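Reviewing the structure listed below.
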Amino acid sequence: MNEDQRLIQFEARINAGEKIEPKDWMPEAYRKTLLRQISQHAHSEVIGMQPEANWALRAPTLRAKKILLAKIQDEGGHGLYLYSAAETLGVDRAEMIEQLQQGKAKYSSIFNYPTLNWADMGAIGWLVDGAAIVNQTMLAKCSYGPYARAMLRICKEEGFHQRQGYEIMAKMMAGNDAQKAMAQDAMNCWWWPSLMMFGPHDADSPHTKESMQWKIKVESNDKLRQRFINRTVEQAYHIGLTVPDPKLKYNKETMNWEIGPINWDEFWNVVKGNGPCNHKRMAHHIKYHNKGQWVRDAAIAFAQNETFVTAL
Amino acid sequence: MENANTQFQQWEVFIQAKNGSPFEHAGSIHAADKKMALQNARDIYTRRCEGRSLWVVPTNAIAATVAEEEAEFFDPADDKIYRTPNFYKMPKGTTNL
Ligand SMILES: [Fe+2]
Ligand SMILES: [Fe+2]
């Protein structure tokens, strides 16, 4: 079979709704796009542990601390599921981490914002995990088997992440004026960046068409963003939060909440590395990766010694 | 052991959800030895009581079929529907069969 015939067969399988598995033939562009997307997704889960870890030792109650630690541990697990999925495409984890640390691979820009007060934990869970759920539920239908399966597992775990965030916000909105102001401030900080998580508008997103043709994505950025907005605006009103968008209005015909213009200059500026915490996040990752070297060395020495002893 | 100094060997993880159920593939992990592989598998794949028993197998010990050879490989089974009970016509009125 030549390349053209293989491509026709590959696209026929995709159109028939079949999943592509690691050892199946796939076009190089499909493999590359997936690898970039999955490794970027894995890095986001891992870097995303940092803004929340900032509050692990300062959570207001023991209950809140237990929940926060469980959530952070889940995010580390999500990173590992995704690194495994990416490894099925023929790149090992060490290589991906090296690319992250050298700035050659990206992670979600949202994690370059600081977490200055406890309400930020609420806003992250409710808005950032909420946006991630909308995106990941779509990705669970993607054509690449290992990625789709990782997404299913992740989606099951995300449910509590979003609810615990909304619970924090609801509690603060039922509190005193200072607590309400903190919650509103967190809403103001995280609303727009969470809308930007869905990526550029469809018209400005050159990869979207190919990705949708091969079902790496099954819905477009704007469609997913709108779904998130519709769900979230009502949740905000429900607990008395104001959405920081003076142009926000409800369109009765389309039944959509329509938003004002997104500040894409800010988005690209953070992507390019000029967000409030870009440098800090990477420096922290490198520092603790290197600090763990002796643990890895010891584990390997132990494993080798064990094999040696059994061989005797 | 590739990249031994940075990431350890890769293992595939199989979980038994409850006593008597089959072991099902959950995903993979990295670990330096069997004990660490079991502990990592527990931490990564069973945080919500997904199982009470685990297998870990070095990834390079697994052999797999490929989609391109699927038809040829499995077609010996395609034309043998006499292996299923519905192939057989029972006389009218037969019961318990
Ligand atoms: Fe996650
Ligand atoms: Fe999450």
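The values are calculated or read from the model by the stated rules, or taken from the named source; none is laboratory data. These figures come from a predicted structure and were not determined experimentally. Heads up, the Cβs are rebuilt from the backbone with ideal geometry, glycines too, and the neighbour counts pull from every protein chain shown. Accessible surface areas use protein heavy atoms only, side chains included; no ligands, DNA or RNA. Shrake-Rupley method; radii C 1.70, N 1.55, O 1.52, S 1.80 Å.
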Qualifying residue in region B:49-57 (condition: at the interface with chain A (Cβ under 10 Å from one of its Cβ atoms) and either over 27 Å from A:Asn290 (Cα atoms) or not in a helix (DSSP H, G or I) (or both)): yes
Condition check for A:Arg36: closer than 19 Å to A:Leu139 by Cβ, part of a helix (DSSP H, G or I) and away from ligand 2 (no atom under 14 Å from the Cβ): yes
Residue pairs within 6 Å by beta carbon, gap of at least six or interchain, first lying in region A:45-61 and under 13 Å from A:His284 (Cβ atoms), second more than 16 Å from ligand 2 (Cβ to nearest atom) and open to solvent by less than 20 Å² (accessible area, probe 1.4 Å), listed first then second, are A:Ile47/A:Arg281; A:Gln50/A:Arg281
Can you name the condition, by its number, that A:Cys142 falls short on among (1) at pLDDT 95 or above; (2) open to solvent by 10 Å² or more (accessible area, probe 1.4 Å); (3) more than 16 Å from ligand 2 (Cβ to nearest atom)? (2)
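Residue by residue, here is whether (1) farther than 24 Å from A:Met151 by Cα; (2) within 16 Å of ligand 1 (Cβ to nearest atom); (3) assigned to a loop (DSSP other than H, G, I, E, B) holds:
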{"residue": "A:Asp4", "(1), (2), (3)": "yes, no, no"}
{"residue": "A:Ile8", "(1), (2), (3)": "yes, no, no"}
{"residue": "A:Ala12", "(1), (2), (3)": "no, no, no"}
{"residue": "A:Met26", "(1), (2), (3)": "no, no, yes"}
{"residue": "A:Ala56", "(1), (2), (3)": "yes, no, yes"}
{"residue": "A:Arg63", "(1), (2), (3)": "yes, no, no"}
{"residue": "A:Asp74", "(1), (2), (3)": "no, yes, no"}
{"residue": "A:Gln99", "(1), (2), (3)": "no, no, no"}
{"residue": "A:Tyr107", "(1), (2), (3)": "no, yes, yes"}
Taking the condition of a type in the set (A, V, I, L, M, F, W, C) and part of a strand (DSSP E or B), does A:Trp294 pass? no
Go through A:Gly145, A:Gly90, A:Gly175 for me and flag whichever is away from ligand 1 (no atom under 16 Å from the Cβ), more than 18 Å from the chain's Cα centre (by Cα) and on the phi > 0 side of the Ramachandran plot. A:Gly90
Inspect region A:81-99 for any residue being open to solvent by 50 Å² or more (accessible area, probe 1.4 Å), touching a residue at least 12 places away in the same chain (Cβ under 8 Å) and within 16 Å of ligand 2 (Cβ to nearest atom) and give the result as yes or no. no
How many residues are among the small types (Gly, Ala, Ser) and within 15 Å of A:Gln162 (Cβ to Cβ) when one looks only at region A:95-130? 4
Can you say whether A:Gly122 is at pLDDT 95 or above, open to solvent by less than 20 Å² (accessible area, probe 1.4 Å) and more than 16 Å from ligand 1 (Cβ to nearest atom), as far as the supplied structure shows? yes
When region B:4-46 is checked residue by residue, the ones that are surrounded by 18 or more Cβ atoms within 10 Å (Cβ to Cβ), of a type in the set (A, V, I, L, M) and either facing chain A (nearest Cβ under 9 Å) or part of a loop (DSSP other than H, G, I, E, B) (or both) are B:Ala26, B:Ile29, B:Ala31, B:Ala32, B:Met36, B:Ile44
Among the residues of region A:235-249, write down those that are open to solvent by 100 Å² or more (accessible area, probe 1.4 Å) and either touching a helix residue (DSSP H, G or I) at 6+ places or on another chain (Cβ under 7 Å) or not in a loop (DSSP other than H, G, I, E, B) (or both). A:Tyr237, A:His238, A:Lys249
For the condition within 14 Å of chain B (Cβ to nearest Cβ), under 26 Å from B:Phe8 (Cα atoms) and out of contact with any helix residue (DSSP H, G or I) (no Cβ under 8 Å at 6 or more places or on another chain), what is the one hit in A:Glu98, A:Glu18, A:Glu3, A:Glu75? A:Glu98
